[in-house]
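Undergrad: Just dropping this structure here.
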Amino acid sequence: MKRGVLLKLARIFAGKSQLEVAERFGADQSTISRIEHEDMYIDYAMELRYIDACGGRKVLQTMLDGIQKLLDRSDNNHLLLA
């Protein structure tokens, strides 16, 4: 999965709009869109800033919990591990 998609998922799991993340990130909404669509390069430090703007560790834990629930479903294990 591409980084931009993962960052977008972090924002969605946090329940935030691009505008809300942009305000916390210190950019405009179009910058957030470009990041999520991978139309601009961002380094690791900027990725961390983006995650912080989404809610930091809390949103990452929510994402991981959601992924774990998918993995725990025996009927989906063959799809995720293939």
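Undergrad: Between D72, D39, D52, find the one with the highest GNM mean-square fluctuation for the chain; connect C-alpha pairs within less than 10 Å.
TA: D72
Undergrad: What's the percent breakdown of Cα-Cα distances in the chain across 5 Å bins, shortest bin first?
TA: The calculated distribution, bin by bin, is 3, 15, 24, 23, 13, 10, 8, 4, 0.
Undergrad: For K2, list the aspartates and glutamates whose Cα falls under 17 Å from its own Cα; do not include residues on the same chain fewer than 8 positions away.
TA: E36, E38, D39, D43, E47
Every number in this text was worked out from the coordinates using simple rules, so none of it is lab data. None of these values were measured; they are calculated from a predicted model.
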